[in-house]
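A quick write-up on the structure given underneath.
Every number in this text was worked out from the coordinates using simple rules, so none of it is lab data. Given the structure is predicted, the values throughout are model-derived calculations rather than measurements. Counting neighbours? That spans all protein chains shown, and the Cβs are built from the backbone with ideal geometry, glycine included.
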Amino acid sequence: MWLFNSSIGKKFIMALTGICLVLFVTFHVLMNAVAICWPSAYNSVCQALGANWYALICSAGLGLLVVIHVIYALVLTIQNRKARGNDRYAVSARPKSVEWSSQNMLVLGIVVAAFLGVHLVQFWARMQAQEVMGSLYEANGVEIPAAAGTLFLQIAFQNWWTPVIYMIGFVALWFHLNHGFWSMWQSIGINNNAWLPRWKKVSCWWVTAVCVLFALQAVVFTVRANQNYYVENETLKTQYMEMYKEHLDKLNAPLIEQMQALQEEYQQLSKNTSMDFAAKMQRQSEIQAEFSELNSKIEFNGAFLHEQYMKLHLIADKPEPAVETTPAAVEESVEEVADTVTVNE
Ligand code: HEM
C-alpha cells in the first residue's frame, strides 16, 4: 500500500501524527492554564477524566501516535541519508533556526524524549497509572489521592531542578516543532504557492505561543509550589478532603457489602427453627466476630485516611513548623505575650 511503502505515504503519516501531537500539546497548554486560573476546577477535571475508559483509550491512542511518529521519523531519516549522501541538507533556502534544528533533529528528539520521560514519571505515573491500580501515591510518608493534580504540581515544582529540566525541554520542543511544521509543508508539496509563507508564519507563531505559555506556566507553578500554595490553600484542602472521602467510600464498599450479607445470614439463622440449637449459636457468634472485625477495618480506614489528610503539609519541601504544645512551650509563649503587653503599656 502506497501509504506504508512510498516515501510520500510515510511523510503523510509523519505529518498526520505530527499534527495530532501538536493539537494535543495545544490542548495540554490550555489545561495547564486552567490549573493556574482555577486550580480547584483543574482538580475536578483530573477527577472526572482520571482512569475512566475514554481517558484511558485517549492516553493509549496518544502513546501509539508517539510511537508511530518516532518509528517513521527514524525510517525516513535513514532513507534520506542513503538517498542524498552528504548532500542531504541541500534543499531550498530555509530559516536559520529550521536549518539548525534540521541538522540536530536526533539530539533534539533525545532531549524532548528525556524531558517527556521525567515528566511522565512526575505526573502520569503518579496520577492516571496510580488510579488504574486503585491506590494512593506516597510522598514524604503521606499517601495522596491520584486525582489531586495540584498536589503533584507541588511535589514536582518545589524541586529546583524541575523548572530547569522543563525549560530545556521547552526550548528543544520549540526547535523540534518548528522544524516539524516546516518539513510538513514541504512534504505536503505546497511549493511556490502564495499561501506557503503565510502557513509557515502561522505555524511558527503557534509553536512559539505554545512553548512560551508552557515556560510561563512553569514559572508560576514553581513560585506557587515554593510558597506551599497547593498544600495550604483552604479551597484546595476542602477538595482534598472530599477526595479522601471518595477513596474511603471505595475502600469501605466491599466491607459494607460483607457486613450486610452477614446481617442477613444472622437474621435467617434467628428465624430458622429446624437448625440444631448449638450449631446455630456457634454460627451466630462467628458472625458477630466477623462483623466486629469488619467494623474495626472500616474504623481503621477512616482513621488512616484522616491522618493522611492531617499530614498533607508534610508533602511540602519546607513545611511550616508545627506549633509546639508542650507545657514548657505554652508557658514560654504566655510569657512572650505578657512581655509584649508590658512593652506596649
Ligand atoms: C508546564 C508544563 C507542563 C505541566 C505542568 C504538565 C502537567 C501534566 C500533568 C498534570 C499531567 C497528568 C495528567 C493526568 O494523568 O491526569 C500531564 C500528562 C502528560 N503530559 Fe504534561 N505538562 C507540561 C508540559 C508538557 C509538554 C511540553 C508535553 C509534551 C511535549 C507534555 C506531555 C504530556 C503527556 C504525553 C502526558 C500524558 C497524557 C495522558 O495521560 O494521556 N506535557 N502533564
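The label-point distance for Ala33 and Ser7, in a model that sets each label 7 Å from Cα toward Cβ, rounds to 4.0 nm.
Couplings 3J(HN,Hα) of segment 120-131, computed from phi: 5, 5, 6, 10, 4, 5, 8, 10, 4, 4, 5, 5 Hz, in residue order, whole Hz [Karplus 6.51 cos²θ - 1.76 cosθ + 1.60, θ = phi - 60°; x for Gly and Pro]. Assuming charge only on the beta carbon of Lys and Arg (+1) and of Asp and Glu (-1), the dipole of segment 239-310 about its Cα centre is about 180 debye to the nearest 20.
Simple rule: put +1 on each Lys or Arg Cβ and -1 on each Asp or Glu Cβ in segment 2-232, find the dipole, and look at Val25, Thr222, Phe123; the Cα lying farthest toward the positive end is Val25. Taking the Cα centroid of segment 270-312 and of segment 104-166, what is the distance between the two, rounded to the nearest whole Å? Going from one Cα centre to the other spans 40 Å. Computed from Cα positions, the angle between helix 161-188 and the longest principal axis of the chain comes to roughly 40 degrees. Here the Karplus relation 6.51 cos²θ - 1.76 cosθ + 1.60, evaluated at θ = phi - 60°, turns the backbone of segment 11-21 into coupling constants of 5, 5, 4, 4, 5, 5, 5, x, 4, 4, 5 Hz, with x for every Gly and Pro. Taking θ as phi - 60° and the Karplus parameters 6.51, -1.76 and 1.60, the scalar couplings of segment 37-51 work out to 6, 8, x, 6, 5, 4, 4, 5, 5, 4, 5, 5, 6, x, 10 Hz in sequence order, x denoting glycine and proline.
Farthest towards the positive end of the charge dipole of the chain, among the residues Ser270, Gln79, Val34, is the Cα of Gln79, using unit charges on the Cβ of Lys, Arg, Asp and Glu. Simple spin-label estimate for Lys271 and Leu196 gives 8.5 nm between the two label positions (7 Å along the Cα-to-Cβ direction from each Cα). Relative to the dominant Cα principal axis of the chain, helix 277-310 is inclined by about 50°. Within segment 235-271, find all residues whose amide N lies under 20 Å from a label point positioned 7 Å from the Cα of Ser285 along Cα-to-beta-carbon. Zone members listed by number: 262-263, 265-271. About its Cα centre, the dipole of the chain is roughly 3500 debye, where the only charges are +1 on Lys and Arg Cβ and -1 on Asp and Glu Cβ.
For the chain, the orientation-averaged shadow of the C-alpha convex hull comes to 32.3 nm² (one quarter of the hull surface).
Around the amide H of Gln158, modelled in the peptide plane, lies no amide H under 5 Å away from a residue 5 or more places distant or on another chain. Considering only Phe12, Ser285, Val142, and ranking their Cα positions along the charge dipole of the chain that arises from unit charges at the beta-carbon of Lys, Arg, Asp and Glu, the one farthest toward the positive end is Phe12.
Percent relative contact order of the chain, based on C-alpha pairs within less than 8 angstrom and at least six residues apart? Show your work: numbers first, answer last.
Values: 245 pairs, mean separation 70.8, N = 345.
The normalised contact order for the chain reaches 21 percent.
For Tyr137, what is the net charge nearby, where nearby means another residue's Cβ is under 13 Å from its Cβ and Lys, Arg count +1, Asp, Glu -1? Summing Lys/Arg as +1 and Asp/Glu as -1 gives -2.
Full extension of the chain between Thr208 and Val132 yields a length gain of 23.9 nm, computed as 0.36 nm times the residue separation minus the alpha carbon distance. Taking 30 Å as the limit for the C-alpha separation, the pairs Lys237/Lys297; Lys245/Lys271; Lys250/Lys311; Lys10/Lys201; Lys250/Lys318 exceed it in the case of Lys245/Lys271; Lys250/Lys318. Between Thr77 and Gln227, full extension at 0.36 nm per residue minus the direct alpha carbon distance yields a gain of 49.4 nm. Potential lengthening of the chain between Glu307 and Ala113 amounts to 66.0 nm, from the contour at 0.36 nm per residue minus the alpha-carbon distance.
Given a Förster radius of 25 Å and the C-beta distance between Val171 and Leu248 as r, what FRET efficiency does 1/(1 + (r/R0)^6) yield to the nearest 0.05? Here the calculated transfer efficiency is 0.05.
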